[in-house]
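Before any comments, here is the structure.
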Amino acid sequence: MSGVTVVIADDQAVVRAGLAMLVGSQPDLTVVGEAADGREAVRLVRELAPDVVLMDIRMPVMDGLEATRRITAPGAGARTRVVILTTYDLDEYVYDALRAGACGFLVKHAPPEQLLLGVRAAADGGSLLSPGVTARLVAAFAAAGRRPARPPAALARLTAREREVFDLVVAGRTNTEIGRALAIAETTVKTHVGHALDKLGLRDRVQAVIFAYEHHLVSPPPRP
């Protein structure tokens, strides 16, 4: 099957139907399964190995947080990318889901084009959090008494150029924008991003942002 395969997990049938209709309307996206709870989502991922799961975070039987942990656990063997669906963009569980391995989140009331962009970005291995939303979400909970999970000394493993690139990633800049800012090719940016993530033991750009906030490498944005 060509294109991006998607599983939709939400306990509300009307939400699943709406998302399935939206995703299925795109020629490059295919809905291969639907789940009404996290346990069913985990089963479908193991059975179908979709590219992306749109995962509601609050579901019966097993919530989206635990399902995300199981899908992205080391040794699970899944290449599936988990995108959290939430009603509120500052849902306290979203932070834990991102740390558990989700690649990002989408609010359910987001415009259709943003939801579709998010699915495609996740399938492509990218981040689907805008700089502003990333800052509000992660800073709100990283600054609320969370303790660093890794020693900041890990940063010493980065070269000067990798640190420059890492800082721009944390700022929400795309590879194209980083390349322009540093006057280097986009392919070179991708290489530096990959090396920085590997050295810091981070899965993706979302975890890079969380790492930065946990270690106070950037300041939380001012509250409105």
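The values are calculated or read from the model by the stated rules, or taken from the named source; none is laboratory data. Everything quoted here is computed from the prediction, not taken from an experiment. Positions of Cβ are generated from backbone atoms using ideal geometry, with glycine treated the same way; all protein chains shown enter the neighbour counts.
Remarks
- Tally of residues being within 19 Å of I57 (Cα to Cα) and not in a loop (DSSP other than H, G, I, E, B) across segment 8-22: 10
- Note on segment 1-24: residues that are surrounded by fewer than 16 Cβ atoms within 10 Å (Cβ to Cβ) and touching a Pro at 6+ places or on another chain (Cβ under 9 Å) amount to 1.
Let's see how each residue does on (1) assigned to a loop (DSSP other than H, G, I, E, B); (2) in contact with a Ser or Thr (Cβ under 7 Å, 6 or more places away or on another chain):
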residue	(1), (2)
L44	no, no
V53	no, yes
R58	yes, no
V61	yes, no
T68	no, no
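- In the set (1) surrounded by fewer than 19 Cβ atoms within 10 Å (Cβ to Cβ); (2) in a helix (DSSP H, G or I); (3) of a type outside the set (G, A, S), the condition left unmet by L217 is number (2).
- Of D89, D56, D96, all but one fail to be within 20 Å of A121 (Cα to Cα), at pLDDT below 90 and either surrounded by 15 or more Cβ atoms within 10 Å (Cβ to Cβ) or over 13 Å from the mean Cα position of the chain (by Cα) (or both); the exception is D89.
- Of the set (1) modelled with pLDDT of 60 or more; (2) crowded, with 17+ Cβ neighbours inside 10 Å; (3) farther than 18 Å from K199 by Cα, all apply to V165 but (3).
- Residue list for segment 183-199, restricted to those being crowded, with 20+ Cβ neighbours inside 10 Å and not small (G, A, S): V189, H192, V193
- Selection over segment 16-73 of residues that are within 14 Å of L115 (Cα to Cα) and free of Cβ contacts under 8 Å to residues at least 12 places away in the same chain gives a count of 4.
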